[in-house]
Amino acid sequence: MPRTKGVTIRDVAQRAGVSIAAVSMALNDTGTLSAETRLRIRGVAEEMEYEADALARGLRRSSVGAIGIVMRSLDSLGQYAPRGVDVFTRYIGAASSLAADRGLSVMLVPDPTRRPTPPLALSLDGYIVAMPHLDDPVVRLFERRGIPYVTLGRDPSRPGFTDWATEDEAMTLRRILEHFHAAGARSIVLVHGTDPNAWNLDSESTYRAWCADHDVEPRVHAAPEGSGEEGGTAVAGEIVDGGIPDAVLCLTGRHAAGVLAGLHAHGIAVPERTMIATASDSEHTRHSRPAISAVELNPEATMRALLDLLQARIAGEPSAGPIVTPARFRVRASSRR
């Protein structure tokens, strides 16, 4: 896949109507430029996607034997080691070890559309974009730059894009709902996040379709992923106000732990009165009391599939995607009656 030619400092200076020295001072925060001029030059450089590092410009034209991972969920959280959440580190660890077996290095890159762009970020051989958002600016950047990429989870803005892999989320979600139903649940609440990714969008669609098939009235609540346990606790209050359900399915483990705490605070017994499960296992779910039933994702199989897709894309070979890998629903005390 051909790369676009890099923008030079001279190009930025010409567009901004200043000297090359002024551009250098603005980008390196040196010299005596006014704050207004400095901001204007930086804005022009950002608009032109200028890469100041000469080494990066040179490497962009050849293979460096390294790929990047952009975790869009962590970008949204604004932190890359959220307490109690280990699923992202498992994906990153699996990608790193599997890539090393293929002679590749892996770099975890924060949102590359934010300035300053990490050094060499746009010079890597390709990227895995985890859980892209609707009309994701990171995907748009890679498209403009001709940088090969694949996605963990489908891109909700590109229905024709097939270079993606994920666990069989629809099947595992239905498995949880059937588990609840078999245990006597006739009112089931879904709690999902607010990131505009396929995981949230498709999970709600799967849930609503299942409810329609089983004559169950859908009840959906949303909480920002970054709200964590506190967000789950707040949602628990909303759920109780709408009538105590037989079961609650949370997409994230932190929300599930918060819902559990909120139900307990309202004197609602789990699982005797209300069962709880989550679509993403975590330290929160394993260490809660009762322990929360959860989906164990399959980072190794999914990352292996993504590396296969990415290497084929880099080589210009036809797509073999999408690829769906199996996941496991582990029943724990929170939904065992």
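Yes/no matrix, rows are residues, columns are (1) crowded, with 21+ Cβ neighbours inside 10 Å; (2) assigned by TED's automatic domain parsing to the domain that holds Thr252; (3) not in a helix (DSSP H, G or I):
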residue: Leu98; (1), (2), (3): no, no, no
residue: Ile128; (1), (2), (3): yes, no, yes
residue: Leu141; (1), (2), (3): no, no, no
residue: Val150; (1), (2), (3): yes, no, yes
residue: Ser157; (1), (2), (3): no, no, yes
residue: Thr162; (1), (2), (3): no, no, yes
residue: Leu173; (1), (2), (3): yes, yes, no
residue: Leu177; (1), (2), (3): yes, yes, no
residue: His181; (1), (2), (3): no, yes, no
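When Pro299 is tested against the conditions (1) more than 30 Å from Glu143 (Cα to Cα); (2) in contact with a Phe, Trp or Tyr (Cβ under 6 Å, 6 or more places away or on another chain), the lone failure is (1). Checked against the criterion of being in a helix (DSSP H, G or I), farther than 17 Å from Arg175 by Cα, out of contact with any Lys or Arg (no Cβ under 7 Å at 6 or more places or on another chain) and hydrophobic (A, V, I, L, M, F, W, C), the candidates Val240, Val220 yield just one match: Val240.
Just for the range 257-288: of the residues that are part of a loop (DSSP other than H, G, I, E, B) and within 18 Å of Arg328 (Cα to Cα), which one is modelled with the highest pLDDT?
The initial filter retains those residues of the range 257-288 that are part of a loop (DSSP other than H, G, I, E, B), namely 266-274, 279-282, 288.
Of the ones still in play, those that are also within 18 Å of Arg328 (Cα to Cα) are 279-282.
Values: Ala279: 95, Ser280: 92, Asp281: 90, Ser282: 86.
Checking each candidate, the answer is Ala279.
Scanning the range 197-232 for residues that are in contact (Cβ under 8 Å) with a residue 40 or more places away in the chain, on the phi < 0 side of the Ramachandran plot and buried (at least 17 other Cβ atoms within 10 Å of the Cβ) turns up Asn197, Ala198, Trp199, Asn200, Asp202, Ser203, Tyr207, Glu225, Gly226, Glu229, Gly232.
Does Asp101 satisfy the criteria of being modelled with pLDDT under 95, among the acidic types (Asp, Glu), over 12 Å from the mean Cα position of the chain (by Cα) and closer than 30 Å to Tyr50 by Cβ?
Working: modelled with pLDDT under 95: yes; among the acidic types (Asp, Glu): yes; over 12 Å from the mean Cα position of the chain (by Cα): yes; closer than 30 Å to Tyr50 by Cβ: no.
So Asp101 does not fit the description; no.
The values are calculated or read from the model by the stated rules, or taken from the named source; none is laboratory data. Just so it is clear, the model here is predicted, and its values are computed rather than measured. Glycine gets a Cβ as well: all are built from the backbone with ideal geometry, and neighbour counts include every protein chain shown.
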